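Structure first, then comments.
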Amino acid sequence: MTSYPREHQEVLVSKSNFNGTFPQEGTMASYWWECSHCGSRFEFKDVCESRGITHYIWDVLIPSGWEQSHLIKTCFQCNNGDMGITYVFPQADQTHIRVKHIVGIGPFDKYVPMMWETIPDGNNEETWIDFKYINGRNMWGLNKPAVFSKEDIKKLFQLYRNRTPDKNFPL
């Protein structure tokens, strides 16, 4: 087994098993919670009792009406930083992405088209808009673009303005 310095390891820290040392090897989930202060990474099930991102969307974000405060948690490792949902995109370039806002439109049967505002590589001056979807609890659509009618995109932008501080979006 090869040993790597902590900053090069792609591991997740579990609240239930963290003992101050990092495992030699690990697997990186597609989406995880990461602290903006200490950089600790946590699995969904250890932060919010959801099995993953699609479960979190269905079980927390949709029932709350896309309440944005659910996208930030206090880090239980350092107690100084905010944890946000994080992922790497696209896989070839390995751009580190942190979620700033997520909104989606219904009806919420299986298909949920969404708009994600994200922060690339920790650059708080720049945000990206990503249109994604989920189909049930399958995360396959998170890697595919959502398609919207003109009416649906208007609804989505209005929901974004209602749920975030950006009242002038998309201007």
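Since every read-out is calculated from the coordinates, none of them should be taken as a lab result. Model, not experiment: these values are computed from the prediction. Positions of Cβ are backbone-derived with ideal geometry, glycine not excepted, and every protein chain shown enters the neighbour counts.
Data overview
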| quantity | calculated |
| --- | --- |
| Residue order, fewest to most surrounding Cβ atoms within 10 angstrom, among Phe44, Phe108, Phe131 | Phe108, Phe131, Phe44 |
| Fewest-first ranking of Val99, Val147, Val112, Val88, using other Cβ atoms within 10 Å as the exposure measure | Val147, Val88, Val99, Val112 |
| Neighbour-limited loop hits for trypsin sites (Lys or Arg not before Pro), region 87-121 (at most 16 other Cβ within 10 Å; DSSP other than H, G, I, E, B) | Lys110 |
| Region 78-103 versus region 148-166: alpha-carbon centroid distance in Å | 22 |
| Separation in nanometres of the label points that stand 7 Å from Cα toward Cβ, at Lys150 and Thr127 | 2.6 |
| Burial ordering of Met83, Met114, fewest other beta-carbon atoms within 10 Å first | Met114, Met83 |
